[in-house]
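Enquirer: Before anything else, here's the structure in question.
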Amino acid sequence: MIRLEARPQPSAVMAYATPVLAVLLTMIFGGVLFAVLGKDPLQAITTIFWEPVFGEFAFFYRPQLLIKGAPLVLIAIGLALGFKAGIWNIGAEGQYIVGAICGAAAGLAFYPTESAFIFPLMVLAGAFGGWAWAMIPGVLKVKFGTNEILVSLMLVYVAEQLLASMSLGLLKNPEGFGFPGSRNLQQYASAHNAELIAGTGMHWGVVAALVAVIFAYALLARHRLGFAIRVTGEAPRAAKFGGVNPGRLILFCLGTSGLLAGLAGMFEVSGPAGQISIDFNVGYGFTAIIVAFLGRLNPLGIVAAGLLMALTYIGGDIAQSQLGLPAAAIQVFQGMLLFFLLALDVLTNYRVRFGSQEVA
Amino acid sequence: MTPLLALRGLTKAYPGVIANDAVTLEIAPGEIHALLGENGAGKSTLVKMIYGLVKPDSGTMQMRGADYVPTDPRAARSAGVGMVFQHFSLFDALSVAENIALGMETPPAMRALATQIRKVSETYGLPLSPDRTVGDLSAGERQRVEIIRCLLQDPKLLIMDEPTSVLTPQEVDILFETLRKLSAEGTAILYISHKLEEIRALCDAATILRGGKVVGTCIPRDTSARDMAELMVGSTLATPKAAAHNTGNVVLDVTGLSAPAPSAFGMALKDVTFQVRAGDVLGIGGVAGNGQDELLAALSGETPCAPGMVSFLGGDLSTIAPEARRGLGVLSAPEERLGHAAAPNMSLTENAMLTGAAREGLSVRGLLNWPKTRAFAERIIAEFDVRTPGPDNAARSLSGGNLQKFVIGREVLQRPEVLVVNQPTWGVDAAAAAAIRQSLLDLAAGGAAVVVISQDLDELMEISDRFAALNEGRLSAPRPTSELDVEQIGLMLGGAHGIEVAHV
């Protein structure tokens, strides 16, 4: 018989080993899934994990790693701060959309003026948009005790409608022959988030993600606010006894994660995506939740997890086009990763014992 | 006469520790048998084996001459063993009858059960209405629910784990009447406690455990409390002594403190007024749930109160946040060690940061100084004799007594002007409790104002200069402890809450 025995202390080894185990289990069960779909599992797995980095067309896919990884990391860093404190912002996707809308709108307002001030202004607008969207669940939670999970999630759908409305209305390209979508910011030099080094995928969003990682790391390790976040997540009553103001902490965590998600949206719309359109958002805000947990809510871990998830995105695309795997299979594959990770988490606090039952 | 229960050579080892080492014990029918020992002496393991929660490694148990091998609590109950735990397992939102039904294998229909509950409660002088919601009951009444739950199964042996820790002296008297009546009817009682005077008043025999071994048996009536205590501890006990000290100016002034109940099952504070001078130890007694947690929260700053209610050295403290209060020198230690006074999964170093940041200079402009915090944690561990491999261990890995020493030490070493503690020695063994009490007395001797909130009246009588009782959120006027005896204190605590002694 198998049973779980509580560890006196959380295991440090397991905390680092479980993400690796989860990736391995995902490969095994993902392989089974692909085999059932009639594909060669080994080929599918290598297509997803090997092709983008070392394959024939790696020169094309490698920059994609940064382009897809940066928004994931940027959003996940913000989410991790909240998750550590037990504040569950599930609506990063909505904050990402609103950040993109605000950023793009700020740039387009000056079209076609060229100025060095436009891009920084767009950055501020994008950050503000995401922050403001996240403050809605924040203020409602602090004032009325609403559940931030529900409110932030529902606001994603509101943001999607807003996005559609903007693409068809206020931000529609007047010279776009009636097609939905805004002007392409890639063709507006002052507002374009161009590659900083050509051919690397390195844009301002990558820089912002790295800054956010360093900032979050220092905050959690060395700052009082980071300590407050950790204590609140571990023992809310102890945190309150220690002097943490729970309301302020909720607003800080939701605000910061919204701000970073808004930034991610702004860098995306002004760079890789180029324009506000109905299908602008591709689920980065939700995938970032997986990234945050896969990275153990640890800033450095999130960088690794963000790159890994970016890899499955790119590899998934290749597998779709080359092997004809359905898109849903790739999503199941990504979902498995979170599933195994959360399931294996139990090993951090418990050890598995084989043998007869004995209650202590 | 065959003993009701005979334990022979019971041994149970856990990795690294032998919890019970060849324990032999006999209980006759109708006997009230005390099981004495410090925390960690093996009392809990022993009764868990009797109640079928733990399987012994070796040794035998016999019930009325027949082999008794309980595989689980259900088997123990059907063999006639009932147990009342120290921590109640009751649902606040359910009624008394519903709670009792939940603990039964085959509960009868609600109406029949209610009749049974009324009958048992009248027979044993434990008045209790089956329809009341448990959340509204006092601790003493909740205990009655647990006892009645056991009595409904008609036990031959009733195990009681620290039953009086939550009762007023008058309630204790009533409980003892009930237990004596049960004993007279032939029910044996295994009574676990470390309150020696109670054992002397109640029990027919006592077995003393230390380090998992039986170190002695005695007839409590004929043995002095001090002798029993020294058997338990295995050495002579140092009684905490207050050094001669003078009281100074009023440091903490609480005037008309009122606050609404923080939750549905909390207690509102009503017009609480007291003053504490430098060098003064004010003891606040009361049965659990009468506003102790709320009073501590108001003094620590966790719950803000209206301006003018709490002042420190003449300055208004009422609206100042916990962190700023600590900066001024007003410190506190709440009752609940894990989850309130300390974060269970965090290391002792991190827990030292929790309250030490401001006053020990562990955080400068928001930046945390971890090496200095670690040194502070190590100082607490050394000076308060906290048994742990080191400051990197999680708080939850410490035993209750050791963590309590850490929590109290953390506040005492910050040289407070005012220290408020709630249940400073709850669940702590005698030696550690004496050390904690001594540190509180030393603190007062050094000129601090100390407020000790406790349910342990012996403790309050021992260390406090003045005593006040908290009852239903109201505080009585403090009186010098030397003028009071236990009877008067019991009346101050609200007497027996209008319940009566068993009609034998």
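The values are calculated or read from the model by the stated rules, or taken from the named source; none is laboratory data. Just so we're clear, the structure is a prediction, and the values are computed from it rather than from any experiment. Methodologically, a virtual Cβ is constructed for each residue, glycine included, from the backbone with ideal geometry; neighbour enumeration extends over all protein chains shown. To get the accessible areas, we keep the full protein, side chains included, count just its heavy atoms, and leave off ligands, DNA and RNA. Shrake-Rupley method; radii C 1.70, N 1.55, O 1.52, S 1.80 Å.
Enquirer: Roughly speaking, what is the stretch gain from B:L484 to B:S89, that is 0.36 nm per residue apart minus the C-alpha to C-alpha distance, in nm to one decimal?
Expert: Full extension of this stretch gives 138.7 nm more.
Enquirer: At 0.36 nm per residue, minus the direct Cα-Cα distance, what do B:M110 and B:R74 gain on full extension? Give it in nm, one decimal, please.
Expert: Stretched fully, the B:M110-B:R74 segment lengthens by 10.8 nm.
Enquirer: State to the nearest 20 debye the size of the charge dipole of chain B about its Cα centre, where the only charges are +1 on K and R beta carbons and -1 on D and E beta carbons.
Expert: The dipole magnitude comes to about 920 debye.
Enquirer: Oh, and also: List the accessible area buried at the contact between A and B, summed over both sides and calculated with a 1.4 Å probe, in Å² to the nearest 100.
Expert: For A against B, buried area totals roughly 2600 Å².
Enquirer: Also, quick follow-up: Using alpha carbons only, what's the Rg to Rh ratio of the range B:5-233 with Rh from Kirkwood?
Expert: For the range B:5-233, the value is 0.97.
Enquirer: I would also like to ask the following. Regarding the range B:41-115, what is the average projected area of its C-alpha convex hull, in nm²?
Expert: 6.7 nm²
Enquirer: DSSP beta bridges in the range B:250-492, what fraction antiparallel, as a percent rounded to 5?
Expert: Here the share of antiparallel DSSP bridges comes out near 50 percent.
Enquirer: Same structure again: Using the per-residue mean of other Cβ atoms lying within 10 Å as a proxy for protection, in what order, highest first, do the peptides A:66-73, B:279-286 fall?
Expert: A:66-73, B:279-286
Enquirer: Enumerate the calculated ³J(HN,Hα) couplings along the range B:260-273 in order (Karplus 6.51 cos²θ - 1.76 cosθ + 1.60, θ = phi - 60°), each rounded to whole Hz, writing x wherever the residue is Gly or Pro.
Expert: So the J values, rounded to whole Hz, are x, 4, x, 8, 4, 9, x, 10, 6, 8, 10, 6, 7, 9.
Enquirer: Can you give the longest run of chain B that contains no GluC sites (Glu not before Pro) sitting in a DSSP loop with at most 12 other Cβ atoms inside 10 Å?
Expert: Within chain B, the longest run free of exposed GluC sites (Glu not before Pro) spans B:186-499.
Enquirer: Of B:S263, B:I489, B:A358, which is farthest towards the positive pole of the range B:250-492's charge dipole, taken about the Cα centre with +1 and -1 on the beta-carbons of Lys, Arg and Asp, Glu respectively?
Expert: Value: B:A358.
Enquirer: Quick check for the range A:40-324: number of Lys pairs with alpha-carbon distance under 25 Å, counting only pairs 8 or more apart or on different chains?
Expert: 6
Enquirer: Report the charge-dipole magnitude of the range B:5-233 in Debye, nearest 20, computed about the Cα centre from +1 at each Lys and Arg Cβ and -1 at each Asp and Glu Cβ.
Expert: Taking the Cα centre of the range B:5-233 as origin, the dipole is about 420 debye.
Enquirer: What are the residues of the range A:200-233 that lose 10 Å² or more of accessible area, with a 1.4 Å probe, going from their chain alone to all protein chains?
Expert: A:A221, A:R222, A:H223, A:R224, A:F227, A:R230, A:V231
Enquirer: Which residues among the range B:442-485 fall inside the zone where the amide N is under 17 Å from a point 7 Å beyond the Cα of B:L491, along Cα→Cβ?
Expert: B:467-471, B:476-485
Enquirer: When the distances between all Cα atoms of chain A are binned every 20 Å from zero, what whole-number percent does each bin get?
Expert: 28, 55, 16, 1
Enquirer: In the range B:139-280, what percent of the accessible surface is made up of carbon and sulfur (1.4 Å probe, ligands and nucleic acids excluded)?
Expert: Its accessible area is 50 percent carbon and sulfur atoms.
Enquirer: Can I ask one more? Once you list every other residue whose beta carbon is under 15 Å from the beta carbon of A:I289, what net charge do they have if Lys and Arg are +1 and Asp and Glu are -1?
Expert: That sum, taken over residues with Cβ under 15 Å, equals -1.
Enquirer: Ok, one more. Using 1/(1 + (r/R0)^6) with R0 = 41 angstrom and r between the beta carbons of A:A221 and B:Q438, what's the FRET efficiency to the nearest 0.05?
Expert: The formula returns an efficiency of 0.60 here.
Enquirer: Now for a separate question. Cα centroids of the range A:328-345 and the range B:251-310: how far apart, whole angstrom?
Expert: 50 Å
Enquirer: Quick check of the Kirkwood formula: for the protein assembly as shown, what is the inverse mean of 1/r over all pairs of different Cα atoms, in Å?
Expert: 31.1 Å
Enquirer: Write down Rg/Rh for the range A:1-100, rounded to two decimals, with Rg from the C-alpha atoms and Rh from the Kirkwood relation over Cα pairs.
Expert: 1.07
Enquirer: If you build the Cα gyration tensor of the range B:390-504 and take the root of 5 times each eigenvalue, what three semi-axes come out, in whole angstrom, biggest first?
Expert: Square roots of five times the eigenvalues give 30, 19, 12 Å.
Enquirer: Round to the nearest 0.05 the FRET efficiency obtained for A:W50 and B:T2 when R0 = 51 Å and r is the Cβ-Cβ distance.
Expert: 0.10
Enquirer: Which part of the range A:306-322 falls in the paramagnetic zone of A:F57, meaning amide N under 20 Å from the point 7 Å along Cα-to-beta-carbon?
Expert: Answer for this model: A:309-322.
Enquirer: Determine the dipole magnitude for the range A:137-218: charges of +1 sit on the beta-carbon of Lys and Arg, -1 on that of Asp and Glu, nothing else is charged, the reference point is the Cα centre, and the result goes in debye to the nearest 20.
Expert: 220 debye
Enquirer: Still on this structure, please answer the following. Non-local amide H neighbours of A:H223 (under 5 Å, H modeled in plane, Pro and chain starts lacking H): which ones?
Expert: Correct list: B:L368.
Enquirer: Can you work out the accessible area per residue across the range A:40-324, with the rest of the protein chains kept in place, probe 1.4 Å, in square angstrom?
Expert: Heavy-atom accessible area per residue stands at 41 Å².
Enquirer: If I model the range A:278-360 as equal point scatterers sitting on the Cα atoms and use the Debye formula, what is log10 I(q)/I(0) at q = 0.17, 0.23, 0.27 Å⁻¹?
Expert: Those come out to -0.78, -1.14, -1.34, one per q.
Enquirer: Can you return the lysines within cross-link range of B:K156? Criterion is Cα-Cα under 25 Å, with same-chain partners fewer than 8 residues away left out.
Expert: Counting by Cα, and skipping residues close in sequence, B:K156 has these lysines nearby: B:K12, B:K43, B:K48, B:K55, B:K119, B:K181, B:K195.
Enquirer: Would you mind working out the accessible area per residue for the range B:250-492, using a 1.4 Å probe, and quoting it in Å²?
Expert: 34 Å²
Enquirer: Can you list the residues of the range B:357-388 whose accessible area drops by at least 10 Å² going from the chain on its own to the full set of protein chains, with a 1.4 Å probe?
Expert: Buried by 10 Å² or more upon assembly, which counts only protein chains, are B:A357, B:S363, B:G366, B:L367, B:L368, B:W370.
Enquirer: Here is a follow-up. Just report the Cα centroid separation between the range B:329-351 and the range B:27-65, whole Å.
Expert: If you average the Cα positions of each part, the centres end up 34 Å apart.
Enquirer: Right, another one. Report, please, the projected area of chain B averaged over directions, based on the convex hull of its C-alpha atoms, in nm².
Expert: Over all viewing directions, chain B projects a mean Cα-hull area of 23.8 nm².
Enquirer: How big is Rg to Rh over the range A:74-163, alpha-carbon atoms, Rh as the Kirkwood inverse-mean-distance radius?
Expert: Across the range A:74-163, the Cα-based Rg/Rh ratio is 1.06.
Enquirer: Additional query: Check the straight Cα-Cα distances from B:K372 and name the aspartates and glutamates below 17 Å, setting aside those fewer than 8 residues away within the same chain.
Expert: B:E350, B:E360, B:E383, B:D392, B:E411
Enquirer: Follow-up. Which of rounded, prolate, oblate describes the range B:341-445, given a ≥ b ≥ c as roots of the alpha-carbon gyration tensor eigenvalues and a/c under 1.5 marking rounded, otherwise prolate only if a/b is larger than b/c?
Expert: Because a/c hits 1.5 or more and a/b fails to exceed b/c, the range B:341-445 counts as oblate.
Enquirer: How much accessible area per residue does the range B:5-233 have, counting only protein heavy atoms and a probe of 1.4 Å, in square angstrom?
Expert: I get 40 Å² per residue for this part.
Enquirer: Still on this structure: With label points built 7 Å along Cα→Cβ from the Cα atoms of B:D173 and B:R221, find their separation and express it in nm.
Expert: 2.0 nm
Enquirer: Let me ask you something else. Taking the Cα centre of the range A:40-324 as the origin and placing charges on Cβ (Lys, Arg +1; Asp, Glu -1), which of A:P71, A:I314, A:G181 is farthest toward the positive end of the dipole?
Expert: Sorting the options by dipole projection puts first A:P71.
Enquirer: Taking the Cβ-Cβ separation of A:N245 and B:A66 as r and a Förster radius of 60 Å, what is the calculated FRET efficiency to the nearest 0.05?
Expert: 0.45
Enquirer: Could you tell me the center-to-center distance, by alpha carbons, between the range A:19-86 and the range B:411-486 in angstrom?
Expert: Cα centres, the range A:19-86 to the range B:411-486: 60 Å.
Enquirer: I'd like the residues of the range A:1-44 whose 1.4 Å-probe accessible area shrinks by no less than 30 Å² going from the isolated chain to the full set of protein chains.
Expert: Residues passing the criterion (a loss of at least 30 Å², heavy atoms only) are A:P8, A:Q9, A:P10.
Enquirer: Using a 1.4 Å probe on the protein chains only, how many percent of the accessible area of chain A belongs to carbon and sulfur?
Expert: Solvent-exposed carbon and sulfur of chain A make up 69 percent of the total.
Enquirer: Please list the non-local residues whose amide H lies under 5 Å from the amide H of B:L5, H modeled 1.01 Å from N, same-chain partners needing a gap of 5 or more.
Expert: Residues meeting the criterion, in which the H sits 1.01 Å from N, are B:I27, B:R64.
Enquirer: Further question on the same structure: With no solvent and one point on each alpha carbon, what is the Debye value of log10 I(q)/I(0) for the range B:101-234 at q = 0.11, 0.13, 0.17, 0.21 Å⁻¹?
Expert: -0.47, -0.63, -0.96, -1.29
Enquirer: Something else: Based on the Kirkwood radius over alpha-carbon pairs, what value in µm²/s does the Stokes-Einstein equation return for the translational diffusion coefficient of the range A:27-75 at 37 °C and 0.692 mPa s?
Expert: So the translational diffusion coefficient is about 272 µm²/s.
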